[in-house]
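Reading through the structure tokens given below for one structure.
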Amino acid sequence: MTIFDEITNRAAGSDGEYLCDESRLSGGNAVRIFFPENALQTSQIVKYCNQEIIPFTVYGKGTGITGGAVPFGGFVISIEKMKNSGAVSFDKDAKKFFLKVDAGVTLNDIKEFLHRKEYFDMTGYELFYPVDPTEMGASIGGTVATNASGASSFRYGPTRNWIKSLEIILPDGEIAVIKRGEQFADDNGSMEINGKHFLIPDIKMPECKNAAGLYSRKNMDLIDIFIGSEGILGIVTGVEIWLERKYPSFSMIKFLKNEHKALEFVKMLKKNKELDPVFIEYVDERGLEMLRKKRNRDRSSINIPEIEPEFKTAVFFDIALDKLGVAEVSDIVDEIEEKLNVRDAFSWCAWEEIEIERIRAFRHALPETVNTYISEIKKIYPEIHKLGTDLAVPDENFEMMTAFYHDILDRSGLNYVVFGHIGNNHLHINIIPENVEDLKKGFEIYKKLAGYAVELKGTVSAEHGIGKIKHRYLVEMYGENGISEMKRVKFFFDPGYLLNRNNMFEYMEMK
Amino acid sequence: MNIAVLIKQVPRTDRIKIDHETGTLIRSGVESILNPYCEYGLDLAVELKKRFADVKITAFTMGPVSSEIVLRRALALGADEAVLLNDKAFAGSDCRATAYTLSRGILAVTGVPDIIICGKQAVDGDTAQVPGEVSSILNIPVLPYVTQVNCIDGYLEVRSEIENELLTLRSELPVLITVGSGSNIRRMPSIDDVSRAFRKKITVLSAKDAGCDSSNIGLKGSPTRVVKIETVVSKGKCRIFNEKNLSEGLDYFSTIIYK
């Protein structure tokens with residue numbers, strides 16, 4: 001019996017399925033697609049690929065936006081048939097609940113599973129998995145590979161913080177189970193796996209939210225080298241995730257007259273020790289204007305009351321009501337408004353699920369609106385696409401970064417909107433090219449912005465990852481030496497360079 | 001002017017499923033909201049408060065302690081006071097017992113107010129009986145399916161939409177109105193509204209506090225027996241006219257609009 005008889009597989013069709021992801025990166029191709037149902041079958045495919053020297057690419061749910069899942073030759077290993085969920089269990093030492101799931105289970109599946117089975121902790125709170133990268137159709141395996149985050153990582157941190165253990169197929173086909181808290185790098189940066197030693201990459205990661213490059217910290221946990229590695233060090237087949245109590249939420253939008261006031265307001269929200277917001281998000285003047293226009297054109301598309309015209313920017317934040325009640329939250333917000341002299345600004349609040357959803361839908365309407373707008377321009381200039389930044393910088397440099405954004409973009413005359421995770425100093429600047437000339441100009445500006453973020457000790461990618469389309473920015477961030485350090489680790493795990501080629505750095509540069 | 005707004009907490013109808021064997025709603029795991037028609041009623045009350053001086057709005061609901069959340073919404077959207085009728089003895093109330101309990105609550109807190117505003121029906125039970133029964137218990141007139149209100153010379157004048165007719169109706173006070181439609185963009189309270197709403201003490205009344213006669217409340221006071229619930233499919237007929245019989249069509253059309 002060969003893997004071809006034992007494991008579901010088919011030829012890669014011309015339909016493009018499993019050959020493209022949300023990055024719309026073109027040219028994806030493969031020979032065969034395999035659908036293993038468990039770790040053992042995955043291991044068999046990987047061993048076969050090693051034996052026959054066939055490159056292989058792992059495909060989760062294709063929701064990534066940097067082409068990480070797009071294959072260029074060889075086999076595709078889809079994890080979609082690995083769909084089992086275990087039962088919720090309690091870890092006595094950590095005093096936390098956790099859930100074991102197969103890698104192909106989606107975030108939506110987890111949400112529904114926990115809701116349907118009505119899992120509660122001892123004090124009667126519902127349990128939930130706090131990682132919410134907006135795209136809930138993503139597979140858990142994919143989110144581990146990319147260390148997915150999203151708005152709520154402001155309070156809860158990215159995927160990394162929620163992983164208890166991983167079942168991984170190493171690039172040679174061996175199955176490894178890695179539990180957090182068991183193996184660490186020694187003081188020289190040496191780590192052991194399956195009896196062999198390697199040195200962690202000698203790089204200095206930025207002190208802000210980051211999804212660019214391999215993870216490296218003094219005395220780091222072995223599990224962390226795999227999380228966010230964009231799949232280049234192994235295939236995740238099973239995951240144990242920590243669960244959190246779901247507290248009632250309080251959701252608020254504060255409209256302010258200008259960006260300066262908004263930044264001040266955000267700073268105060270972050271400084272306050274009691275609020276501990278789940279997220280702090282932002283929409284700038286251009287973004288808000290775009291939403292206003294959309295609402296006025298089609299009332300049913302954005303179900304919100306009218307926003308008074310003198311208010312130009314919006315700050316969104318959610319509070320989990322664990323320590324504070326609604327009255328206390330309103331007191332604190334009131335105090336902040338008083339201090340900043342923004343009592344005249346207006347706000348919308350929600351504490352019922354249906355209303356919280358309404359605010360969430362409003363917040364998510366902007367990226368959708370931008371995409372619709374771009375697709376209209378694409379009808380005239382098919383080569384046009386959105387240029388969205390994913391840059392973040394440490395707290396102390398955020399104001400310089402925002403000043404730079406506006407300075408360079410306003411002078412360029414390009415159309416753009418700013419929104420995103422302002423709590424993490426992580427705004428998504430969306431440059432909207434109206435023609436081919438704009439696109440060229442946009443690229444130049446994008447490079448300058450990325451360069452400046454690096455100069456300010458930030459990251460070129462805070463959550464989307466490098467994938468196959470942002471290699472040069474990773475070089476800009478870590479330099480050739482940093483890239484060599486990461487390649488050295490890749491070579492240790494995968495000397496034949498067969499697994500997920502071209503993710504994070506280029507295959508041809510491999511030495 | 002005293003206005004009482006009667007509100008109800010209902011399960012989200014976009015999430016709820018129906019048990020086809022018993023014909024009842026499966027409520028478990030479905031979060032609750034303020035009944036949309038009650039919210040339209042509240043909006044009308046707030047509109048009156050904006051237009052006339054000395055208007056005081058009191059929101060009433062009967063239900064479990066968790067109903068507090070809809071009373072908080074009512075307070076945030078403009079109600080001045082909120083009353084929760086909460087007692088184990090109220091469990092199992094049908095429309096009659098509910099109307100009785102609410103009426104007793106109103107009498108205990110405000111006496112007969114100038115205007116009582118109700119949603120035309122709750123979207124869970126859809127019986128539309130409670131408003132009429134309250135008006136009957138309190139012996140005041142009822143104006144149904146109201147969309148607009150105005151106070152003129154001590155009268156309440158309303159615009160009422162009943163099936164395919166638009167009526168302008170006028171009544172002396174006190175009066176009860178039921179509200180059939182409103183803005184489909186719900187208002188959003190500000191942080192100041194929230195601060196006020198969550199600081200307000202909600203008055204909680206037991207059966208005894210409301211002066212209820214125990215034979216008229218809960219299961220005991222509920223004569224309704226549901227025999228069967230079925231979905232009624234309306235069978236409208238569509239007639240199509242084209243260039244061949246256009247004049248016949250026009251004649252038919254004119255008989256309808258002048259009917």
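Taking other C-beta atoms within 10 angstrom as a stand-in for reagent exposure, A:S190, A:S153 fall in the order A:S190, A:S153, fewest first. Cβ-to-Cβ counts within 10 Å put A:K487, A:K61, B:K200 in ascending order as B:K200, A:K487, A:K61, the fewest first. Amide H contacts for B:V204 (H built 1.01 Å from N in the peptide plane; partners 5 or more residues away or on another chain; cut-off under 5 Å): B:L84.
From the mean inverse distance of alpha carbon pairs (Kirkwood) and the Cα radius of gyration, derive Rg over Rh for chain B.
1.03
Partners of A:K441 within straight-line reach, counting lysines whose Cα lies under 21 Å from its Cα and excluding those fewer than 8 residues away in the same chain: A:K378, A:K379, A:K386, A:K470. The stretch A:270-455 gives an Rg/Rh value of 0.99, both radii derived from C-alpha positions and Rh following Kirkwood.
Within the same chain, lysines fewer than 8 places from A:K92 are excluded, and of the rest, those with a Cα less than 30 Å from its Cα are A:K83, A:K100, A:K111, A:K117, A:K164, A:K179, A:K218, A:K246, A:K273, A:K323.
Could you give the angle, 0 to 90 degrees to the nearest 10, between helix A:285-297's Cα long axis and the longest principal axis of the Cα atoms of chain A? It works out to around 80 degrees. When DSSP beta bridges are restricted to pairs lying wholly in the stretch A:3-81, around 25% turn out antiparallel. Between B:R159 and B:A108, the contour length at 0.36 nm per residue exceeds the Cα-Cα span by 15.3 nm. For the stretch A:35-49, the Karplus equation 6.51 cos²θ - 1.76 cosθ + 1.60, evaluated at θ = phi - 60°, returns couplings of 10, x, 9, 7, 4, 4, 5, 4, 4, 4, 5, 4, 5, 4, 4 Hz by residue, with Gly and Pro reported as x. Modelled spin labels at B:D126 and A:I332, positioned 7 Å past Cα toward Cβ, are 4.4 nm from each other. Once C-alpha pairs closer than 8 Å and six or more residues apart are averaged by separation and normalised to the residue number of the stretch A:392-471, the relative contact order reads 37 percent.
Positive end of the charge dipole of chain A (Lys, Arg +1 and Asp, Glu -1 on Cβ, about the Cα centre): tell me which of A:S461, A:S153, A:F265 has its Cα farthest that way. The residue sitting farthest along the positive end of the dipole is A:S461.
Note on B:K201/A:D322: beta-carbon distance plugged into 1/(1 + (r/R0)^6) with R0 of 22 Å gives a FRET efficiency of 0.35. Under 16 Å of direct C-alpha separation, and excluding same-chain neighbours fewer than eight residues apart, A:K457 reaches these aspartates and glutamates: A:E207, A:D390, A:D395, A:E396, A:E399, A:E476. Of all DSSP beta bridges confined to the protein assembly as shown, the antiparallel ones make up roughly 70%.
Working note: Karplus 6.51/-1.76/1.60 with θ = phi - 60° gives the stretch A:175-180 the couplings 9, 10, 10, 10, 9, 5 Hz, where Gly and Pro are set to x.
3J(HN,Hα) couplings calculated from phi for the stretch A:410-427 with the Karplus curve 6.51 cos²θ - 1.76 cosθ + 1.60 (θ = phi - 60°) are, in sequence order, 5, 5, 6, x, 7, 7, 7, 10, 10, 7, x, 7, 5, x, 9, 6, 10, 9 Hz; Gly and Pro show x.
By the count of other C-beta atoms within 10 Å, a proxy for reagent exposure, A:Y282, B:Y252, A:Y48, B:Y258 are ordered fewest to most as B:Y258, B:Y252, A:Y48, A:Y282. Farthest toward the positive end of the dipole of the protein assembly as shown, out of A:L291, A:Y381, A:P394, is the Cα of A:L291, where the dipole comes from beta carbon charges about the Cα centre. Among the listed pairs B:K88/B:K208; A:K204/A:K261; A:K294/A:K447; A:K267/A:K312, those with a Cα-Cα distance over 22 Å are A:K204/A:K261; A:K294/A:K447. Placing R0 at 56 angstrom, the Cβ-Cβ distance between B:S254 and A:D15 gives a FRET efficiency of 0.50 after rounding to 0.05.
Pairwise Cα distances in the stretch A:378-423 exceed 11 Å in 75 percent of cases.
Counted residue by residue at 0.36 nm each, then reduced by the alpha carbon distance between them, the extension gain from B:E21 to B:V65 reaches 12.9 nm.
Computed over the protein assembly as shown, the per-residue total of -39500 (n - 2.57) for DSSP H runs of n ≥ 4 gives a 222 nm mean residue ellipticity of -10000 deg cm²/dmol, rounded to 500. With the convex hull of its Cα atoms as the shape, chain A has an orientation-averaged projected area of 24.8 nm².
Any read-out appearing in this document is the output of simple, stated calculations on the displayed coordinates, not a laboratory observation. If you're wondering where the values come from, they're calculated on a predicted model, not measured in any experiment. As a convention, Cβ positions derive from the backbone with ideal geometry for all residues, glycine included, and neighbour counts pool all protein chains shown.
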